[in-house]
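None of the figures in this text is laboratory data; all of them are computed from the coordinates on show. A quick note: this is a predicted structure, and the numbers were derived from the prediction, not measured. Cβ coordinates were reconstructed from backbone atoms using ideal geometry, including for glycine residues, and neighbour counts include every protein chain displayed.
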Amino acid sequence: MMLADADNQLSALLLSMPLWPLLGSVLVGVFLATGKLKALSDKAVVGGVGVSALLGVITFFSLMPDTSHDDGHADASSAIRLVADGPVEEPSGHSPKASNGHADASRTHTLFHWISLGLDDQGATRWIDVNYYIDGLTGIMLVVVTVISLLVVIYSTGYMRDHHGHPEVGYERFFAFLGLFVFSMLMLVLAGNFVLLYLGWEAVGLCSYLLIGFYYQKPEAAAAAKKAFLVNRIGDLGFALGIFALYLFLSPVVGPGENPLDYAVAFKYADTLNTMELGGVAAPTLVSLLLLCGALGKSAQFPLYVWLPDAMEGPSPVSALIHAATMVTAGVYMVARCAPIFIQSEVALFVVMVIGLIGAVLAATMAMAQYDMKRILAYSTMSQLAFMFVALGAKAPQAAIFHLYTHAFFKALLFLSAGSVMHAMGNVIDVRLFSGLRRVLPHTYRLMLIGCLALAGFPLLAGFWSKDEIVSTVMHHSPVAGWILLFTAFLTAYYTFRMFFLCFNGEQRFPKEAGDHPHEMPGVMLAPKYLLAIGAVLAGYIGVSFHVSSTAFLGALEPHGMYHGYIENSTIINESHHSGPWLMYLSAAVALAGIGLAWARYGAAPRTEPDQALLGPIWNLWNAKYYVDELFDRVLVRPLRGLGRLFVTTDNNVVDGLITFCAAVPRGIGAALQLTQRGVLQGYALGAVVGVTLLLLFWKWIEPAL
Amino acid sequence: MLLPYVLVGAALFVLGLVGFVTRRNLIVMFLCTELMFQGIIVNLVAFGRYPLRGEPTLDGQIFSMFLLVVAASEAALGLALVVLLYRNKGTLDANAWTTLKDATA
């Protein structure tokens with residue numbers, strides 16, 4: 001009994017996880033409002049996120065499947081330490097058909113009733129609850145979100161200062177936003193129903209707006225923030241419609257008192273969607289594609305990716321946060337979470353995969369011809385997210401989430417390192433303007449190298465395992481897609497090291513903004529990066545797959561594939577198969593080839609652009625980002641603006657004109673009659689006489705004639 | 001025998017009307033309104049005495065009594081106003097008092 005009480009207390013503490021960063025933000029607000037204790041602002045948020053990170057890690061381990069079982073499958077009993085006496089069910093994540101088994105009721109932790117939906121058909125009250133859905137997928141996401149965020153927040157306490165160590169203007173505000181961002185993302189990840197998910201979803205969008213536009217005095221930053229918000233709005237409209245559609249379809253099906261928007265309920269009845277349609281479109285396809293719209297906006301996928309490169313206007317820690325822990329991972333998470341719905345529709349999965357393929361190639365080619373270091377990284381994020389989408393489309397969500405998890409470490413590392421470079425170079429980020437930073441920034445050089453190697457898929461680093469998992473499963477699902485991904489992986493290695501060599505190799509030169517002595521960062525900024533670097537090297541080992549390990553060169557290390565047992569204890573449905581180990585050797589070779597080619601062409605950090613000379617117009621097309629921004633401007637922005645102008649003109653002239661006319665008529669009549677009112681008494685009398693005379697004449701002569 | 005009375009009444013009324021419209025002196029104009037009153041009263045009495053249909057009644061004469069009372073009280077008020085106006089501007093010209101017209105005209 002005491003044990004149960006302890007469990008309950010622990011569980012209450014774990015469920016309070018999202019509130020700590022929020023508390024930090026609120027405290028910063030109080031500090032700012034009262035003008036006291038402002039110096040504690042960063043500590044309040046670091047503390048709040050720190051507590052969340054601790055709880056996130058505890059939750060992660062409490063969800064660990066019981067490996068004492070011989071079959072190696074996940075066992076829910078250990079996962080549900082959070083609920084003292086919830087029913088223990090064997091999750092059936094290995095059977096593709098049994099999506100019912102994914103709706104394990106004990107994974108839902110209801111905090112309180114939130115919104116009443118009235119009575120359902122059976123006369124029971126239907127509630128939208130504030131509830132959490134905690135399973136293996138949540139556990140992975142919690143670790144990614146809280147740990148990466150914590151490291152980024154700690155880094156920010158050093159980054160958001162000038163060269164004398166004084167906090168920048170808006171330092172406190174920045175930390176309040178960071179706390180709010182982490183809170184929103186945690187709500188998004190923990191949410192147990194679509195309405196709460198949508199709340200977190202929008203809150204994340206709001207925070208990204210606030211943080212991208214942190215330097216709101218800069219017109220570009222303000223525009224980028226607005227762009228991010230508006231582009232996301234387009235996707236979110238589809239997402240909202242998807243939720244409505246899901247409710248519409250499932251509402252008549254669910255049992256008494258069950259809310260069709262709860263994950264547990266929605267996934268329990270997901271296979272009934274197959275029998276429904278709306279306007280000739282099958283229900284699963286409709287719902288999936290609408291939900292996908294939201295994911296495309298948040299995860300910056302084709303065609304809604306245009307906000308992501310511009311989002312680089314925000315401070316570097318924000319870029320790290322958006323690209324690694326929060327925001328862009330939301331879309332991938334949501335699609336993986338909704339796997340029981342997506343898996344019902346081959347069409348939707350195909351669309352997911354095609355969009356992923358387009359995005360992967362598009363982003364990788366654009367990244368090859370950019371000079372802005374952070375933009376290159378932004379395009380690489382888009383490309384890596386596209387990898388995840390391809391995996392989602394290939395029915396391998398576990399591979400997508402695995403890549404999301406490893407990607408978070410090295411992408412955060414890369415952005416924070418880029419921030420260091422930017423810091424040292426006096427906010428110059430154009431790789432043409434500096435080179436040979438190896439000796440000046442030795443730590444950053446080493447860290448960046450690890451990050452780039454991981455991103456490029458260098459063998460045995462984190463990115464290698466997850467990328468290999470994706471390519472391997474996709475290759476089995478669709479060889480064409482697999483080869484495209486392999487090619488993109490080659491491009492990734494190439495452009496990553498093009499950037500790296502341009503930055504760190506060659507003769508040592510700085511822009512004049514850097515001053516005389518560009519310097520490395522203080523320890524508070526180096527420590528988080530070293531931790532991230534450890535993650536970038538080792539994070540992949542939790543997921544080295546059974547298949548690969550049994551045949552390939554890692555056999556001696558006995559990787560147990562702990563990740564796969566863990567993630568399958570969730571709503572994701574894994575119907576994927578691996579290709580042979582040959583693919584692993586091939587992808588290792590591809591990564592090495594990409595790095596080698598980059599070394600051959602850019603190893604000396606040439607001042608001219610060899611690729612431009614070689615590829616000519618194609619390179620220029622990539623450099624101009626396929627003119628997509630211009631295309632959107634021509635096709636969407638300008639016509640809409642023209643339409644807006646038309647409306648303004650119509651409003652100003654036609655609508656307002658009508659009203660002005662209505663007002664002008666009585667005014668004109670009044671002005672005419674005013675002339676008769678001269679104040680002369682006799683005039684009035686004469687007027688009366690003439691009027692009476694006319695009336696008399698009328699009655700006498702005219703009216704009888706009518 | 002209605003016609004002579006009506007003609008006298010009409011003559012009185014028109015005399016008053018023309019006087020009111022043409023003269024500028026406030027007192028004369030005031031007297032002209034009285035003249036118009038008397039023209040009306042003559043009409044009322046005449047139509048009472050020689051009605052177009054039916055027997056003669058006293059209605060016209062009673063009505064004229066009321067009118068006389070109204071005219072008398074109006075005369076008291078009106079002459080007092082004329083005195084006040086004279087004190088303000090030192091003239092009895094009606095054209096001196098056009099301040100009630102619209103200011104913008």
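Below is a table of values for the structure above.
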| read-out | value |
| --- | --- |
| Pair-distance profile P(r), taking every C-alpha pair of the protein assembly as shown, with 20 angstrom steps and integer % | 14, 37, 18, 6, 12, 11, 2, 0 |
| Spatially close lysines, pair count over the stretch A:354-623: Cα under 21 Å, gap of eight or more or interchain | 6 |
| Net charge contributed by nearby residues that have their C-beta within less than 12 Å of A:ALA295 (K/R +1, D/E -1) | +1 |
| Chain A: relative contact order in percent, alpha carbon pairs under 8 Å with at least 6 residues between | 13 percent |
| Cβ-derived FRET efficiency at R0 41 Å, A:ALA600 paired with A:LEU636, nearest 0.05 | 0.50 |
| Residues of type lysines that A:LYS227 reaches as a straight line, Cα spacing below 16 Å, ignoring anything fewer than 8 places off in the same chain | A:LYS218, A:LYS298 |
| Calculated P(r) of the stretch A:354-623 - Cα pairs past 32 Å, % | 23 percent |
| Rel. contact order, % - alpha carbon contacts under 8 angstrom, at least six apart, the stretch A:354-623 | 28 percent |
| Reach of B:LYS89 by Cα under 27 Å, taken over lysines that are not fewer than 8 positions away in the same chain | B:LYS101 |
| Loop trypsin sites (Lys or Arg not before Pro), the stretch A:570-664 (other Cβ atoms within 10 Å of the site Cβ: 12 or fewer; DSSP) | A:ARG607 |
| For A:GLU469, A:GLU172, A:GLU202, order by how many other beta-carbon atoms lie within 10 Å, fewest first | A:GLU202, A:GLU172, A:GLU469 |
| Residue-averaged 222 nm ellipticity for chain A, from DSSP H runs of 4+ at -39500 (n - 2.57), nearest 500 | -20000 deg cm²/dmol |
| Neighbourhood net charge (12 Å Cβ-Cβ; Lys/Arg +1, Asp/Glu -1) for B:ASP93 | +3 |
| Which of A:LEU286, A:LEU681, A:LEU377 has the fewest Cβ neighbours within 10 Å, and the rest in rising order | A:LEU681, A:LEU286, A:LEU377 |
| Burial ordering of A:TRP619, A:TRP483, A:TRP699, fewest other beta-carbon atoms within 10 Å first | A:TRP699, A:TRP483, A:TRP619 |
